[in-house]
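**Student:** Just passing along the structure, written as structure tokens.
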Amino acid sequence: MLTTVYFATNRALEGPAADWTSYTANIVAPSDPGAITYATAFVDNTDLTADKTGAIEKIENVSTGRFSQSAMDDLSNPGRNLLVFIHGFDNSFEAAITRAAFNREWFAASRVAAADTTVVAFSWPSLGKLISFPLPWEDYQKDQIMAGQSGLHLMSFFANLQPLLTRARANRNRIFLLAHSMGNYALQAAVQSWFTHGNGDAVLFDEAILAAADERYDTFDFPEPGRLSSLHRLASHISIYFSDADLVLKVSELVNLGAERLGQDGPRNRHDPVRFPLALYHMFDCTGFRDYAYDFQTSHQYYRRSPGVRADIAQTMTGPI
């Protein structure tokens, strides 16, 4: 069975866009969102029992600057909820697209109807180097720079999606954002860029899911629209999944000179009901989950490896908790 992944990427191309090997770890002109490639990928052999799984069978409907008309038509009336996915560091283009396919099938396997989604991915130019311990300082920093420089491109992607999401919601579909790891670093740059470029409040997402976020733990404390402080103006509800047993983020904290990460213990002052009202925020501590093969690398992947964590995420997709 082929899994369809609609995607946009600000990776520079070295070859035809229909060939997945053409997508590099270099970025297109940071000031030119019109250079973003939009297309549809089809992934084969998605196996939920494997960590690295799936292969890109083909890429079609390639367009520059926006989705093709056929893709826009599909996303405007998908027939099910939409999942917008932003990957973390250590993802090649192939890994980013196959991971998006995995996530679609993983959440659908929860048997919660709302979690059976159509997936749309944004792939920023991570190096895609293998995570090891100790985490390579230079590779990590290069990825972090690329994630930060992707803010304008990711913002443009959101702007192109906005009318499609509005039509999908009018067709009674819910819209979810799932940002994993350093994808949250790219997200904060995009949220800030959205408002500094004069865009107003917009309910882009019914639920924003921040999983194992490799972003500052005080990100919500910045004066708006700094970092993620204005995410609530783009999402009706925000769920934050964190784990003190995330070994990768412990290393990330060291690399970031002791700056605690959002994915370690949630945001600063997370127990303050005034700062983080239950009607808007859902905090979920994943520290104790061991219902998956736990090691250095997988400790950072609990959102897609732990059935227990999946069950909670799937439940958030049904509506506010």
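**Student:** With the full set of protein chains in place, find how many percent of the accessible area of the chain is carbon and sulfur; take the probe as 1.4 Å. Each step should come with its number before you reach the end.
**Tutor:** Working: 6340 of 12360 Å².
C and S atoms contribute 51 percent here.
**Student:** Moving on to the next point. Given points 7 Å out from each Cα along the Cα-Cβ axis, report the Asp32 to Asp201 separation in nanometres with one decimal.
**Tutor:** 3.7
**Student:** Another question about this same structure. Quick one: Karplus J couplings for region 158-175, per residue in order, coefficients 6.51, -1.76, 1.60, θ = phi - 60°, nearest Hz, x for Gly and Pro?
**Tutor:** The phi angles translate into 4, 5, 5, 6, 3, x, 5, 5, 4, 5, 4, 5, 5, 8, 6, 9, 8, 10 Hz.
**Student:** Tell me, what is the 1.4 Å probe accessible area of Thr64, in Å² to the nearest 10?
**Tutor:** 100
**Student:** Given 0.36 nm per residue, what is the gain on full extension from Asp19 to Asp73 after removing their alpha carbon distance, in nm? Don't skip to the answer; put the middle values down first.
**Tutor:** Details: separation 54, 0.36 × 54 = 19.44 nm, distance 2.37 nm.
Fully extending the segment from Asp19 to Asp73 adds 17.1 nm.
**Student:** Next question, about the same structure. Please compute the modelled spin-label separation between Val274 and Asn45, points set 7 Å along Cα→Cβ, answer in nm with one decimal.
**Tutor:** Taking the two extended label points, one gets 5.7 nm.
**Student:** Now for a separate question. What three numbers, in Å, describe the spread of the alpha carbons of region 72-195 along their principal axes, ordered from the longest?
**Tutor:** Principal-axis extents of the Cα atoms in region 72-195, largest first: 46, 35, 18 Å.
**Student:** If you keep only loop residues by DSSP, which trypsin sites (Lys or Arg not before Pro) in region 71-161 have at most 13 other Cβ atoms within 10 Å of their Cβ?
**Tutor:** Passing both the DSSP loop test and the Cβ count: Arg111.
**Student:** Suppose all protein chains stay in the model; what accessible area per residue would a 1.4 Å probe give for the chain, in Å²?
**Tutor:** On the way: 12360 Å² over 321 residues.
Averaged over the residues of the chain, the accessible area is 39 Å².
**Student:** Applying a 10 Å radius around every beta-carbon, put 230-237, 159-166, 120-127 in order of their mean neighbour count, most first.
**Tutor:** Descending mean neighbour count gives 120-127, 230-237, 159-166.
**Student:** Once every DSSP H run of n ≥ 4 in the chain is given -39500 (n - 2.57) and the sum is divided by its residues, what mean residue ellipticity at 222 nm do you get, rounded to the nearest 500 deg cm²/dmol? Can you show the working numbers first?
**Tutor:** Details: 9 runs with 98 residues, N = 321.
Calculated mean residue ellipticity at 222 nm is -9000 deg cm²/dmol.
**Student:** Once R0 is set to 22 Å, what does the formula 1/(1 + (r/R0)^6) return for the Cβ-Cβ distance between Glu224 and Asp285, expressed as a FRET efficiency to the nearest 0.05?
**Tutor:** In this case the efficiency is close to 0.25.
**Student:** Once amide H atoms are placed 1.01 Å from N in the peptide plane, what residues at a sequence separation of 5 or more from Ile27, or on another chain, have their amide H within under 5 Å of its amide H?
**Tutor:** Placed amide hydrogens put Ala12 under 5 Å from Ile27.
The values are calculated or read from the model by the stated rules, or taken from the named source; none is laboratory data. As the structure is a computational prediction, the values presented were derived from the model and not from experiment. Note: ideal-geometry Cβ built from the backbone for every residue, glycine included; neighbour counts use all protein chains shown. With ligands, DNA and RNA removed, areas are computed over all heavy atoms of the protein, side chains included. Shrake-Rupley method; radii C 1.70, N 1.55, O 1.52, S 1.80 Å.
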